[in-house]
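Enquirer: Below you'll find the structure I mean.
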Amino acid sequence: MNDLPAPRHTPQTLLPEQRAGAVAQAADRAAARSRFNDYRSRRAAHTLRRQEADLSLFAGFLQDLGVPADDLARRPDGWRLITWGLVEAFIKWQLKEGYAVRTVNVRLSTVKSYARLALQSGALSPQEYALIRAILGYSLREQNRVDARRTRTRRGNKKIEPVRITPEQAAALKAQPSTPQGRRDALLLCLLLDHGLRVGETAGLLVDNIHLDEEVVRFHRPKVNKVQTHRLSADTLAALRACAAFNELPAEGPLLRRSRKNGELAEAGMGERAITARVRALGAVIGLPGLSAHDCRHYWATNAARHGTDPFDLQQAGGWSSLAMPRRYIADNDIANQGVELE
């Protein structure tokens, strides 16, 4: 009788405490399996694209060292061989290759975020994750010191400083010829310079977002997931009415129409790349090489700060989630010795 195997416990035969423990463990296992998918389902598309590029570079670095790393953005198992020393080496390698320090900091943040997911999925030990988490990025002062000590401090096409636009140059950008393409270009530049729209927000504008009778535009800001209403500037209104007068506003769909090689307009909307290329071309015409849509947003915010816009109002109008950026624009326009009297 004593040699018989012990009876197997079923959920019905478990004590309440044992049953609760079994349920909790099953829940932990299910959460661990879905941790990566759950995290990614909460992130915006542009954030996922940037993170995937960060992790792809990290994976390529690891593979060059002989460390297999497969799909670090989606598979927990890819993190089992990752150590804090490899992450530290990745940082040093980027600096040697000439990547901007701020870019290195962003990639470190991405690695830490996914390392946390790997910990929760059981692929990383708590000790290894703690060491990765303890790796620090570079402060602004440290960035300047690092750049001062290396010969190559920039890699890629990203600019160190925005292209500065004067009010006269902004007016010249908006003063496009009275042709189908010129009227479209004037509307594009007005939206960027007078309203500070991001390039993705501009590409996403629909005809239904424009309300000429109310003289407003209502649009969605995907980065902060808000729908905002802007009072249309005088120049934007004029550009819209010019397009309407020539029957160039689409009946529905995207507001901005793509242009053909002959200067006429196609029906399809302008994507982000097309807007970027067109702004660069128009900037070059007036002596602003390398002009981007973000430079136009920078001009809008700087101009608003220069005219005394309250930081809370600037945050609201610009669609920022915090006061950090509005304060930066306002601080950049402060006269440091405004209150200093020498006589």
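Enquirer: Which count do you get for residues in segment 110-143 that are part of a helix (DSSP H, G or I) and exposed (fewer than 12 other Cβ atoms within 10 Å of the Cβ)? First the steps, then the outcome.
Expert: Of the residues in segment 110-143, the ones part of a helix (DSSP H, G or I) are 110-121, 126-133, 140-143.
If we keep only those that are exposed (fewer than 12 other Cβ atoms within 10 Å of the Cβ) as well, we get 126-127, 140-141.
Residues meeting the conditions: 4.
Enquirer: May I ask you to list the residues in segment 84-109 that are outside any helix (DSSP H, G or I) and either in contact with an Asp or Glu (Cβ under 6 Å, 6 or more places away or on another chain) or aromatic (Phe, Trp, Tyr) (or both)?
Expert: Let us first name the residues in segment 84-109 that are outside any helix (DSSP H, G or I), namely 98-100.
Tyr99, the sole residue that qualifies.
Enquirer: Of the conditions (1) under 15 Å from Thr276 (Cβ atoms); (2) buried (at least 22 other Cβ atoms within 10 Å of the Cβ), Cys190 satisfies every one except a single condition; which number is it?
Expert: (1) is the only condition that Cys190 fails.
Enquirer: Quick one: would you say Lys158 is under 30 Å from Val87 (Cβ atoms), at pLDDT below 95 and assigned by TED's automatic domain parsing to the domain that holds Glu252? Write out each step before concluding.
Expert: On the way: under 30 Å from Val87 (Cβ atoms): yes; at pLDDT below 95: yes; assigned by TED's automatic domain parsing to the domain that holds Glu252: no.
Answer is no for this residue.
Enquirer: Taking Asp54 and the conditions (1) part of a helix (DSSP H, G or I); (2) farther than 30 Å from His220 by Cβ, which numbered condition does it fall short on, given that it satisfies the others?
Expert: So the condition that Asp54 fails would be (2).
Enquirer: Filter segment 163-220 down to the residues that are basic (Lys, Arg) and in a loop (DSSP other than H, G, I, E, B) and list them by number. Even if it seems obvious, please write down each step before you answer.
Expert: Initially, segment 163-220 is screened for residues basic (Lys, Arg), giving 164, 174, 183-184, 198, 218.
Answer for segment 163-220, where residues must be basic (Lys, Arg) and in a loop (DSSP other than H, G, I, E, B): Arg164, Arg198.
Enquirer: Restricting attention to segment 266-325, which residues are within 16 Å of the chain's Cα centre (by Cα) and of a type in the set (Val, Ile, Thr)? Show your work before the answer.
Expert: The first filter runs over segment 266-325 and keeps only residues within 16 Å of the chain's Cα centre (by Cα), leaving 272-273, 276, 292-295, 297-298, 318-322, 324-325.
If the condition is that a residue be within 16 Å of the chain's Cα centre (by Cα) and of a type in the set (Val, Ile, Thr), then Thr276 is the only one that fits.
Enquirer: Please work out if Arg183 is in contact with a helix residue (DSSP H, G or I) (Cβ under 9 Å, 6 or more places away or on another chain), modelled with pLDDT of 95 or more, among the basic types (Lys, Arg) and surrounded by 14 or more Cβ atoms within 10 Å (Cβ to Cβ).
Expert: Values: in contact with a helix residue (DSSP H, G or I) (Cβ under 9 Å, 6 or more places away or on another chain): yes; modelled with pLDDT of 95 or more: yes; among the basic types (Lys, Arg): yes; surrounded by 14 or more Cβ atoms within 10 Å (Cβ to Cβ): yes.
It is true that Arg183 is in contact with a helix residue (DSSP H, G or I) (Cβ under 9 Å, 6 or more places away or on another chain), modelled with pLDDT of 95 or more, among the basic types (Lys, Arg) and surrounded by 14 or more Cβ atoms within 10 Å (Cβ to Cβ).
Enquirer: Here is a further query. What number of residues in segment 36-68 are of a type in the set (Gly, Ala, Ser) and within 14 Å of Ala115 (Cα to Cα)? Lay out the reasoning, then the answer.
Expert: In the first step, residues of segment 36-68 are kept if they are of a type in the set (Gly, Ala, Ser); the result is 41, 44-45, 53, 56, 59-60, 66.
Applying the additional criterion that residues be within 14 Å of Ala115 (Cα to Cα) yields 59.
Qualifying residue count for the region: 1.
The values are calculated or read from the model by the stated rules, or taken from the named source; none is laboratory data. Treat the numbers as computed from the prediction; the structure is a model and nothing was measured. With ideal geometry, Cβ positions are generated from the backbone for all residues, glycine too; neighbour counts draw on all protein chains shown.
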